[in-house]
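A quick write-up on the structure given underneath.
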Amino acid sequence: MILIAFILYLLINLYEQKRYQREYNKRANLELTDLYENAPCGYNTIDKQGYIKRVNNTLAQWLGYKKLELLNHHFSDFLTDNSKLLFNNLVEDLDTKEQVEGITLELISKDGRSFHVSLSASGIKDRNRLVVARTTVFNISDRVKLEKRLEKIANTDSLTGIHNRRYFFEQAEKFFPPHTPESHMLSALMFDVDYFKKINDTYGHKTGDLVLQSFTQAIQEHTEEGDIFARMGGEEFAILCHLDSPQATIDKAEKLRQVIEDLTIKINDKTSLSITVSIGCCHQRADTSDIDQLMHQADTALYQAKIAGRNRVALH
């Protein structure tokens, strides 16, 4: 009887252990499923062509679809045109790499809104050939918005709202070799508001700021698409543009000079100001190798316009 009781005890104990293990495994699977489905990041599995085979709730909710609506769609169906090429390159890279990390893509949700994500993928291979890839997707929209805001602040003149000197020279470098072939079709215009110090001394810096803002607005209304207009510092401004000849450069500068001469700036109900501007300009020559040289020529022409009496255009 003791032996039978002992055997029954062992059987019951073994049964309870197995039941406990089954319940534990069930709870663990539920927790893992919950972690996968509702993680703070998106997960999905794509085949070697890029079609979605599995996706979690988080990514589906970001996109505004039900999970079943996403299955067997190509992942690029939910990407902007610029991001589609990046994603296709990622799939190709997984043929030779085990993992690709931190690719920034722009996804489009069902309601048409777009948002930025950082996607990392690891490939699962059979006989050295990609079978499927598992991806992790982090929503980085807030970070991208902040980066764009900081970039705008870094490249914008706070008083006038146009580009600053830093942005001007960064963009200008793109028009010179090795970034672009020599074309010799570039013109630079340097502006200096005449007697600006006298305006500040007479009416105060607040009025001086208004003058610079009014000058900027007037010039902006007569710039063309592709022109780079920036405040270089103080009362000096510059435009970089594509023109066909030195004469076209002079004509553009003279038109802008006349715009400013015709400008009336209302200070208050009783006071209005008229201003003039001196402009130095140059047209890119065969021996102009970089933006610094081009701007030096424009600056030299500006000096010539000022010593010749101001309110005029000079060409170097």
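The values are calculated or read from the model by the stated rules, or taken from the named source; none is laboratory data. Everything numeric in this text was worked out from a predicted model, so none of it was measured. Cβ atoms come from the backbone with ideal geometry, glycine included; neighbour counts cover every protein chain shown. To get the accessible areas, we keep the full protein, side chains included, count just its heavy atoms, and leave off ligands, DNA and RNA. Shrake-Rupley method; radii C 1.70, N 1.55, O 1.52, S 1.80 Å.
Looking only at segment 42-66, residues that are open to solvent by 10 Å² or more (accessible area, probe 1.4 Å), in contact with a helix residue (DSSP H, G or I) (Cβ under 8 Å, 6 or more places away or on another chain) and in contact (Cβ under 8 Å) with a residue 40 or more places away in the chain come to 3 in all. Kindly establish whether F169 is closer than 19 Å to C281 by Cβ and either among the hydroxyl-bearing types (S, T, Y) or open to solvent by 30 Å² or more (accessible area, probe 1.4 Å) (or both). Yes.
Checking each residue in segment 201-237 for being touching a helix residue (DSSP H, G or I) at 6+ places or on another chain (Cβ under 9 Å), of a type in the set (V, I, T) and open to solvent by less than 40 Å² (accessible area, probe 1.4 Å) picks out T207, V211, I219, I228.
Farther than 18 Å from R134 by Cα and modelled with pLDDT of 90 or more: does that describe T80? Yes, satisfied. Among the numbered criteria (1) open to solvent by less than 90 Å² (accessible area, probe 1.4 Å); (2) within 24 Å of the chain's Cα centre (by Cα), which one does N82 miss? Checking N82 against (1) open to solvent by less than 90 Å² (accessible area, probe 1.4 Å); (2) within 24 Å of the chain's Cα centre (by Cα), the one that fails is (1). The residues of segment 272-300 that are farther than 19 Å from L315 by Cα and either open to solvent by 40 Å² or more (accessible area, probe 1.4 Å) or at pLDDT 95 or above (or both), listed by number, are S272, S274, I275. Scanning segment 301-316 for residues that are of a type in the set (S, T, N, Q) and buried (at least 17 other Cβ atoms within 10 Å of the Cβ) yields a total of 1. R149 satisfies every condition listed in (1) at pLDDT below 90; (2) under 30 Å from I228 (Cα atoms) except (1).
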